[in-house]
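**Student:** Attaching a single structure in structure tokens format; questions to follow.
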Amino acid sequence: MSTYQPTLEYARQRDAADPLRSFRSRFALPVDRDGKPLVYLCGHSLGLLPLEARTLVNEELDDWAKFGVLGHEGSRRPWIPYHENLTEGLSQLTGALPDEVVAMNSLTVNLHLMLASFYKPAGKRRKILIEAGAFSSDRHAVASHLAWHGLKADDLIELAPPSGSDLVREEAIEACLAEQGAEIALVLWPGVQFRTGQAFDIARITRAARNAGSAVGFDLAHSVGNTPLSLHVDGPDFAVWCGYKYLNGGPGAIGGCFVHERHASEARRLKGWWGHEASTRFRMEPEFRAERGAAGWQVSNPPILSAAPLIASLKIFKEAGIGRLREKSLALTGFLESLLPPGLQMITPRESSARGCQLSVRITGRSARGKNVFDFLSARGVVCDWREPDIIRIAPVPLYNTFEDVFRGAELLTAALQRA
Ligand SMILES: Cc1ncc(COP(=O)(O)O)c(C=O)c1O
């Protein structure tokens, strides 16, 4: 028998029984101008500050002050191999071998580096398959690679959802590959779609792409730190992500990249000194000898101050465990879904396996109605976000959100809709 009761009392009982509840105190929780706590449901856009990040950044500033250039080798976390502080945590979150991941750059830069290596148009096989409505930066990146190779816009296939739906199902991707696979050189797909919150079956898409003879990569901006991943086994050629959403690395934080181990010795890449084998890098010889694995795709030396907060966050992920976080995440989104008022349409899939932390709702009715609802929420301290023309994205994050946050957010959403 279910004890479910959609009351504040019930939400508080769920919080009291939550084995992960203590992690909330490890984050800075935003407040409004009067110091009143906000209901922060926006980790899909910018994760919260892990309190320990401040210490880590200050330590780097202190070491810079104390050591100057000698800090490259002599600081408490030497700066030359600094990215290695992030390798274990990233490999655990992505289900990759340590050599298959590296923290570097930001997402779109990493995507360009990956396209340079893995988009190899030849003869009839030259098309790139992406989703219609892909994140603008991804579309710009693939379009620029087509142009770089002297190809035209019709070499970009943009797979749209069937009419009346917001979702592209894996079957449709398979069908497209079955039909046009001989002409497709690369598939780029999101792990979780940024607008709808739909989580895709990475193994299945990878299989379909590889069976069709295409390279395949994933934009995991909305997946890493959100849904459990098993990139090594699933086998895409590459994946890229940013560090500031579910990874809580801070605004503009260092991103990351996965390159499957079968490509460890891929010669075709854009090179820079930091991808050179570390033991001989400072000989500064003209020949490039790549560092093992994904680290060999680094171009520049790592940005220490943007990487330090991620060390603090990955430590918390390790303690919490992505499996337990996923369990709580499903409970939070299930609770949120049960509280959604009438007058809106949830566009995120109902199956829990096909979504992560984020639920996206379409505010139906006049176009200005949605914006009014969103403004009402913002004015009352609910932080979520608005995607034109009619979508509100709401993401309870299991590391720091509570069932009470979800209850309060849903209560205000209900009030907003009644008013609108
Ligand atoms: C799905 C997706 N792809 C790409 C990007 C671009 O990331 P960056 O600015 O780190 O290149 C974002 C940023 O929010 C994103 O959400």
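**Student:** Set Lys and Arg Cβ to +1 and Asp and Glu Cβ to -1, take the dipole of the chain about its Cα centre, and tell me which of LEU70, PRO228, PRO50 lies farthest positive.
**Tutor:** PRO50
**Student:** What longest region of the chain stays clear of chymotrypsin sites (Phe, Trp or Tyr not before Pro) that DSSP places outside H, G, I, E and B and that have at most 15 other Cβ atoms within 10 Å?
**Tutor:** On the way: sites that count: TYR4, PHE288.
Formally, the longest exposed-site-free interval is 5-287.
**Student:** Farthest toward the dipole's positive end in the chain, which of PHE135, GLY381, ALA354, given Cβ charges of +1 (Lys, Arg) and -1 (Asp, Glu) about the Cα centre?
**Tutor:** Value: GLY381.
**Student:** Sticking with this structure for a sec: So, how do all the Cα-to-Cα distances of segment 1-118 break down into 5 Å bins, in percent, from 0 on up?
**Tutor:** Percent of Cα pairs in each bin: 2, 8, 9, 13, 16, 15, 12, 10, 7, 4, 2, 1, 0.
**Student:** Only counting other Cβ atoms within 10 Å, I'd like HIS232, HIS44 sorted with the fewest neighbours first. Working shown, then result.
**Tutor:** Working: HIS232 17, HIS44 26.
Taking fewest neighbouring Cβ atoms as first place, the list is HIS232, HIS44.
**Student:** While we're on this one: In terms of the ratio Rg/(2.2 N^0.38 Å) built on C-alpha atoms, what value belongs to the chain?
**Tutor:** On the way: Rg = 22.2 Å, N = 420, 2.2 N^0.38 = 21.8 Å.
Compactness ratio reported: 1.02.
**Student:** For segment 267-280, take each phi angle, set θ = phi - 60°, evaluate the Karplus expression 6.51 cos²θ - 1.76 cosθ + 1.60, and give the result in whole Hz per residue in order, putting x for glycine and proline.
**Tutor:** Working through the residues one at a time gives 7, 7, 7, 7, 10, x, 5, 6, x, 6, 2, 4, 5, 10 Hz.
**Student:** Could you pull the Rg and Dmax for segment 134-280, using just the Cα atoms, both in Å?
**Tutor:** So, for segment 134-280, Rg and Dmax equal 16.1, 57 Å respectively.
**Student:** Using a simple charge model, +1 on the beta-carbon of Lys and Arg, -1 on the beta-carbon of Asp and Glu, nothing else, what dipole does segment 275-420 show about its Cα centre, in debye to the nearest 20? Mind dumping the intermediate values first?
**Tutor:** Numbers: 20 positive and 15 negative charges, 39 e Å.
Taking the Cα centre of segment 275-420 as origin, the dipole is about 180 debye.
**Student:** Now for a different question. Report the Cα centroid-to-centroid distance between segment 146-190 and segment 357-375 in angstrom, as an integer.
**Tutor:** Between the Cα centre of segment 146-190 and that of segment 357-375, the gap is 29 Å.
**Student:** Suppose every Lys and Arg Cβ carries +1 and every Asp and Glu Cβ carries -1, with no other charges. What dipole size does the chain come out with about its Cα centre, to the nearest 20 debye? Please list the in-between numbers first.
**Tutor:** On the way: 48 positive and 47 negative charges, 88 e Å.
About 420 debye.
**Student:** Same structure, new question: Which residue, chosen from ALA295, SER117, TYR10, occupies the Cα position most advanced towards the positive end of the dipole of the chain, where the dipole is computed from +1 (Lys, Arg) and -1 (Asp, Glu) charges on Cβ about the Cα centre?
**Tutor:** Most positive-ward Cα: TYR10.
**Student:** In the chain, once you exclude exposed GluC sites (Glu not before Pro) (DSSP loop, at most 10 other Cβ within 10 angstrom), what's the longest stretch remaining? Don't skip to the end; give the middle numbers.
**Tutor:** Values: sites that count: GLU287, GLU351.
Value returned for the longest uninterrupted segment is 1-286.
**Student:** At most 13 other C-beta atoms within 10 Å and a DSSP loop state: those are the exposed trypsin sites (Lys or Arg not before Pro) I care about. Give me the longest piece of the chain that has none.
**Tutor:** On the way: sites that count: ARG33, ARG76, LYS124, LYS152, ARG268, ARG289, ARG292, ARG350, ARG366.
No qualifying site falls inside 153-267, the longest such stretch.
**Student:** Could you list ASP32, ASP166 in order of exposure, starting from the residue whose Cβ has the fewest other Cβ atoms within 10 Å?
**Tutor:** Ordered from fewest to most neighbouring Cβ atoms within 10 Å, ASP32, ASP166 come out as ASP32, ASP166.
**Student:** Tabulate in residue order the Karplus-calculated ³J(HN,Hα) for segment 323-335, using 6.51 cos²θ - 1.76 cosθ + 1.60 with θ = phi - 60°, rounded to whole Hz; enter x for Gly and Pro.
**Tutor:** Along segment 323-335, the couplings run x, 5, 5, 5, 4, 5, 4, 5, 5, 5, 5, x, 5 Hz.
**Student:** Grab the beta carbon distance between SER165 and ALA116, set R0 = 35 Å, and tell me the FRET efficiency rounded to 0.05.
**Tutor:** Working: r = 34 Å, r/R0 = 0.98.
Efficiency for this residue pair is about 0.55.
**Student:** A 32 angstrom limit on the alpha carbon distance is what I want to check against. Which of LYS120/LYS315; LYS66/LYS315; LYS318/LYS371; LYS127/LYS315 exceed it?
**Tutor:** Values: LYS120/LYS315 38 Å; LYS66/LYS315 26 Å; LYS318/LYS371 38 Å; LYS127/LYS315 41 Å.
Violating the 32 Å Cα-Cα cut-off are LYS120/LYS315; LYS318/LYS371; LYS127/LYS315.
**Student:** So how do ILE205, ILE363 line up by other beta-carbon neighbours within 10 Å, fewest first? Mind showing how you got there, number by number?
**Tutor:** Details: ILE205 22, ILE363 25.
Listed from fewest to most nearby Cβ atoms, that is ILE205, ILE363.
**Student:** Now for a separate question. List the residues whose amide H sits under 5 Å from the amide H of PHE27, counting only those 5 or more places along or on another chain, with H placed 1.01 Å from N in the peptide plane.
**Tutor:** Sorted by chain and number, the residues that satisfy this are LEU51.
**Student:** With n ≥ 4 as the cut-off for DSSP H runs, can you work out [θ] at 222 nm for the chain, using -39500 (n - 2.57) per run divided by the number of residues, rounded to the nearest 500? Before the final figure, lay out each step's value.
**Tutor:** Details: 13 runs with 153 residues, N = 420.
Value at 222 nm, helices only, nearest 500: -11000 deg cm²/dmol.
**Student:** Sticking with this structure for a sec: Give me the one-decimal nm value for the distance between modelled label points at ARG380 and LEU330, 7 Å along each residue's Cα-to-Cβ direction.
**Tutor:** A separation of 3.1 nm, rounded to one decimal place.
**Student:** Setting aside same-chain residues fewer than 8 positions from LYS36, which aspartates and glutamates have a Cα under 15 Å from its Cα?
**Tutor:** In chain and number order, the partners are ASP405.
**Student:** Let me ask you something else. Taking the Cα centre as origin and putting +1 on Lys and Arg beta-carbons and -1 on Asp and Glu beta-carbons, what dipole magnitude results for segment 1-91, to the nearest 20 debye?
**Tutor:** On the way: 11 positive and 13 negative charges, 72 e Å.
Dipole of segment 1-91, to the nearest 20 debye: 340 debye.
**Student:** Given points 7 Å out from each Cα along the Cα-Cβ axis, report the ARG33 to PHE67 separation in nanometres with one decimal.
**Tutor:** In this crude label model, ARG33 to PHE67 measures out at 4.4 nm.
**Student:** Calculate I(q)/I(0) for segment 219-289 by the Debye formula, one identical point scatterer on each C-alpha and no solvent, and give its log10 at q = 0.16, 0.20 Å⁻¹ to two decimals.
**Tutor:** Those come out to -0.74, -0.94, one per q.
**Student:** Next question. Tell me the label-point distance for the pair GLU277, SER45, using the 7 Å Cα-to-Cβ offset, in nm and rounded to one decimal.
**Tutor:** In this crude label model, GLU277 to SER45 measures out at 4.8 nm.
Throughout, read-outs are computed from the coordinates displayed, never taken from laboratory work. Remember, predicted model here, so these are calculated numbers, not experimental data. Note that each Cβ is placed from the backbone with ideal geometry, even for glycine, and that neighbours are counted across all protein chains shown.
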